[in-house]
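J.: Can you keep this structure in mind? I'll have questions shortly.
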Amino acid sequence: MLLEKEEKFCKGKCKRASSMEMCAETQRSRYLRSFIPAHVHWYRISVERCWFGISPERKSILMTIDQRSDEVVRNSSLHIIELDPQTDPRWETLMDQLSTSVIYQHPAWLAVLAEAYGYKPLHLACEDASGTLRGALPLFYRRGLRTGRLCFSTTPEAAPLADDEQVQMMLIQAAIERSRKEQATRFQFLTRSTIFDQRVDGVVGVPDEETYELALPEQPDQLRLDATIRRAIKKATRSGVQIRPAETMRDLRAWYTLYLQTTRRLVILPQPYRVFELAWQRLQPQGGLQLLLAEQVEAGHRRLLAGFLFLQWKQTMTYLMAGWRWEDQALRPNDLLHWHAIQNACEKGLRCYDFGTVNTGNQGLAQYKTKWGAQAKMIYKYSYPLVSRGETNAIRRVSHPSSASTSAPGQSRSSQSRIRQLVTPLWQRFPLKAIELAADWRRAIHYY
């Protein structure tokens, strides 16, 4: 009532005012208005009735103040909810609207992780008074023998999805509260940006590892490739290597055999087949997943040499997994696979080709990716409680094959090297069936 009386008095006074500025009562009323909760009904002053010949610069400033006060009122009605992205279409609508969204926040990818690994979903969203989602944060709870009780956003990377600082802060705070409720020892997420530093006290990004991104031109011929890469592509073509997309589950299974061979040689604990099967079923029909196969054609007979698994979202194609025959690497099928994928991405109008992450110290792989013209981008790990860079190896990701390690957390590099020297010849002699069982065992007992 007090505010209404002030406004009526203001209107009468403005009609008699000789000043060229907005009257003081109007300015005071507008200032008080910004602190009134959105659910309280109040009368809006008609700005046109209270302005008399104000300069354009002054008017612009006052309008900016008005917009900011309205934003404060809208934000006062924000609240955090838990929802199911599989049944609530607002989640994917938000992803379509925000350019910062990534494939790892997509409902289909979240469903793959939940079903394949048995993670408990705790997905959070920020909703305003109208029911519109202003932000979202995929969140899972897992309990592993190696990592303990952990609340984490999806892997390999997924940060709070929002374009408003307050919404980002609310989502992080809510995730920390959910972690405490689940008695988790840590909450974490990974992202390529440091904008989340100090959004919440004690939550700071720590460098984790690098990924390599290639900015795509309109035509692939405009790329400046290293001479060794160009020679490799030509050699693969002359050797009769051809690239085709996988079309059936039988193709996927054949590739998985190559993937097991690759993990065996590199001494990496592989992902279970169930992960790829679910990803194929949920993502491939809508264009979010593609498997490219490299085959050598001789006398009408096709022999599978290698295969790359890709994810696609908006303007980015991401190289995720690979499998190849070591004895056929001289034919350079991997180089031709990358080149074919880059050509496809350019034809689709995509603007980024992500070569994937490189573990610290793997200079050979890093140099190979830079020969394609890719630039290194740091991925930061945000954790609560805060962990140092040295501790990040103790909690590795579950969806990236190069993240696996045969050593236990806390061991020195020299001891890890000795263990690896002992394990490597044994692991590389295991039959593929035993390697596949180890992958299923890893999932069944929640090792990670």
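J.: With a point put 7 Å past each Cα toward its Cβ, work out how far residue 303 is from residue 82 in nm, to one decimal.
T.: 5.5 nm
J.: To continue, here is another question. P(r) for region 222-371: what percent of alpha-carbon pairs falls in each 5 Å bin, starting at zero?
T.: For region 222-371, the binned pair fractions read 2, 9, 18, 22, 23, 16, 9, 2, 0 percent.
J.: Are any of the pairs 120/181; 120/381; 348/371; 120/314; 120/433 more than 25 Å apart by Cα-Cα distance, and if so, which?
T.: From the list (120/181; 120/381; 348/371; 120/314; 120/433), the Cα-Cα distance tops 25 Å for 120/314; 120/433.
J.: Please pull out the direction-averaged projected area of region 79-210, using the convex hull of its alpha-carbon atoms, in nm² to one decimal place.
T.: The Cα convex hull of region 79-210, projected and averaged over all directions, gives 8.1 nm².
J.: When all C-alpha to C-alpha distances in region 180-256 are sorted into bins of 10 Å, what percent of pairs does each bin hold, rounded to whole numbers?
T.: Spelled out per bin, shortest first, that is 11, 20, 23, 22, 18, 6, 0.
J.: By how many nm would the segment from residue 181 to residue 423 grow when fully extended, if each residue of separation counts as 0.36 nm and the alpha-carbon distance is taken off?
T.: Extra length from residue 181 to residue 423 when fully extended: 83.2 nm.
J.: First measure r as the distance between the Cβ atoms of residue 238 and residue 266, then evaluate 1/(1 + (r/R0)^6) with R0 = 25 Å and state the FRET efficiency to the nearest 0.05.
T.: 0.35
The numbers here are math on the coordinates, done by the rules we state, and not lab data. Small disclaimer: the values here were computed from a predicted structure and weren't measured. No Cβ is skipped: glycine too gets one built from the backbone with ideal geometry, and neighbour counts run over all protein chains shown.
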